1. Do the conditions hold for B:GLU217, that is, is it acidic (Asp, Glu), closer than 20 Å to A:SER172 by Cα and at pLDDT below 95?
2. Every residue in the range A:172-186 that is buried (at least 19 other Cβ atoms within 10 Å of the Cβ), at pLDDT below 95 and among the hydroxyl-bearing types (Ser, Thr, Tyr), please.
3. Under 29 Å from B:THR171 (Cβ atoms), aromatic (Phe, Trp, Tyr) and out of contact with any strand residue (DSSP E or B) (no Cβ under 7 Å at 6 or more places or on another chain) - does that describe any residue in the range A:143-151?
4. If you scan the range B:63-76, which residues turn out to be within 13 Å of chain A (Cβ to nearest Cβ), part of a loop (DSSP other than H, G, I, E, B) and among the small types (Gly, Ala, Ser)?
5. What helices (runs of 4 or more DSSP H) completely inside the range A:14-109 contain at least 3 residues that are in contact (Cβ under 8 Å) with a residue 40 or more places away in the chain?
6. Among the candidates B:GLY99, B:GLY60, B:GLY42, B:GLY84, which residue alone is within 14 Å of chain A (Cβ to nearest Cβ) and either in contact (Cβ under 8 Å) with a residue 12 or more places away in the chain or farther than 16 Å from B:ILE225 by Cα (or both)?
7. Pick from the range A:190-217 the residues that are closer than 25 Å to A:LEU80 by Cα and touching a Phe, Trp or Tyr at 6+ places or on another chain (Cβ under 8 Å): which of them is farthest from the other protein chains (Cβ to nearest Cβ)?
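The values are calculated or read from the model by the stated rules, or taken from the named source; none is laboratory data. Bear in mind that the values here come from a model prediction, so they are computed numbers and not experimental data. Please note: Cβ atoms are built from the backbone with ideal geometry, for glycine as well, and neighbour counts cover all protein chains shown.
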Amino acid sequence: MNRLTPSPLTRAIVGIVVGAFFAIPLVSTLIYTLRMPDGSLSWSRWTGLFDPHTVAALKPLWTGLGNSLVLCVVTVAIVLLLLAPTMVLVALRFARLRRAFEFAVLLPISIPAIVLVVGLAPIYQQIGRLFGTGAWTLAFAYGITVLPFAYRAIQASIDAVDLRTLAEAARSLGAGWTAVIVRVLAPNLRQGLLAASLISIAVVLGEFTIASLLNRQVFQTAMVVVQKQDPYTPAIFTLLALVLAFTLLLLIGRAARGTRKARP
Amino acid sequence: MTINRALPRTADNLLLTGAGTGTRVQLQSIVKSFGGTRVLHGVDLDVAPGEFVSLLGPSGCGKTTALRVLAGLETADSGSVMLGGRDVSRVPTNKRDIGMVFQSYSLFPHLRVLENTAFGLRRRGVARAAAAARAAAALELVGLANLADRFPHQLSGGQQQRVALARALVTEPRVLLLDEPLSALDAKVRVQLRDEIRRLQLRLGITTVFVTHDQEEALAVSDRIAVMDSGRIEQIGTPEDLYLRPQTPAVAAFVGLSSALPGLATGSSVTVWGTRLPIQGDPAEGPVEALVRPENVRVAPDTSSASDAGVSAQVEESTFLGSFRRTVLRTTDGIMVHAQHSAEERLEYGQRVRVRLVPAPVTVRRV
């Protein structure tokens, strides 16, 4: 047996420790939402969410969640339709720009959100005039904050395949640029694109500072508002958001695996 | 191109419809620079329909760039690319109707072998079922029909290049471009695939341009070879032409083995070690280097009689190559000479011998 391979016992211990690390906060939160003042467990707070009386009180949360989901879609669109093609272009045509591009793209990670807002505030006055003050316009800012994460994920995929040869082979076989990107490059960058999308969704769902300071109502800001009256509901929503994220992950993963069997 | 319905749908017939209708391929005064460095200095090449032409030269000589200009993957600074008499210099790669096999493995990793092979047909709007049938036929042609369901990573290097060849040929392109497709393969597979490419090319009658730095490869498969050096075509001719009648020293040095020996030129002949050799190419005067082929060097045991023509030398290395033996000799002046002789004449390391030249034509270069 390879000495570098851990024994089954070691593997089990590592698995349990890591599993516990993730599970304990989640299970604790779940129990917190279930425990009644008298110590018994009940789903009444969960079912109460759909009670006509509380629905009105929860309106900001539902609005915030809706806004956040729209922001997720727009941000992922920015990543997939703007960042990814730009990266492919840099890899194929402008290899000399790669370092400068990488530097620019990684910059947002070193700028605290609060600093970013200072610069964004006047820009958002203009954006407000142009596109209105809808929450979705935050996606422009989120598109920037997710850049470093999305870039890393996509670049790892780009480095793993010989993009140039694949693109040239496809062109020599009669594929136009659209077909090259859709039929050849995207399927081979699938994992990176998927990871970039998921990480963008996670960042957008968890973002508070920018939304709060620019006075937009999103999931996180609504949670803070609601928490002031009722500490349990935000906990329930946190769990629901996590379930949603996991489901999304599974769904996208499955869908992506499905495309592997693409026909000629 | 329509499939001839009268023929049974065998692998050959599906592709043979293109046979004998090869396309003329021309490069006219192609100039290309990369960031101030000129890599092609006005390259002219005229490939007849159905001809197999190799671009041969050391790395960095511009042969791959010339092929890429032909494919439309690079744009020439000036000059034109003609396919079938039509100027395609401004036509993008995907509209040039070419087939290309690359040096690095270029199969699409996410597609199965059959899907890879059918890719070009699908892009040309061939229906899925028809494309699959023609792709299967093309795979049969390269002997890989049984691997149609595999993914590229499940194939060996040689198999991948065969699939790449099938993929390039299945669309019945006007010209087949091969960019060192064999250089990543091991020696045995390389020879097999090389011969297979030539057999297929002859059978399909497709005009082919083959880039290689391996002279043996080029000599074995080409109708004609263009020897390139420093962004220029030095000479273009049949393999026999290049080997027996090299026009420039660069060609003589690059094609086949030769030894550079000091001599004194007087017009159309050169005297080397007491033997007068006719000069091939331009006449020369004064001290020159004569490029002598190993088969024109004779080796005899040293009898130490100073009256003999030739010089005395010592055996440095002697390699048995089947029907003949190749020996490297060092003369007393320290000049290395390659000689080729019968396998029976065994020479030992360090043995003293007499080296003589056969008065065969040689190419000379100034020193």
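1. no
2. Of everything in the range A:172-186, nothing turns out to be buried (at least 19 other Cβ atoms within 10 Å of the Cβ), at pLDDT below 95 and among the hydroxyl-bearing types (Ser, Thr, Tyr).
3. There is no residue in the range A:143-151 that is under 29 Å from B:THR171 (Cβ atoms), aromatic (Phe, Trp, Tyr) and out of contact with any strand residue (DSSP E or B) (no Cβ under 7 Å at 6 or more places or on another chain).
4. B:GLY72
5. Output list reads A:59-78, A:84-92, A:98-106.
6. Being within 14 Å of chain A (Cβ to nearest Cβ) and either in contact (Cβ under 8 Å) with a residue 12 or more places away in the chain or farther than 16 Å from B:ILE225 by Cα (or both) holds for just one of B:GLY99, B:GLY60, B:GLY42, B:GLY84, which is B:GLY99.
7. A:ILE210
Here's the yes/no breakdown for (1) within 17 Å of A:PRO234 (Cβ to Cβ); (2) of a type outside the set (A, V, I, L, M, F, W, C):
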site: A:ALA23; (1), (2): no, no
site: A:ILE31; (1), (2): yes, no
site: A:SER42; (1), (2): no, yes
site: A:ARG45; (1), (2): yes, yes
site: A:HIS53; (1), (2): no, yes
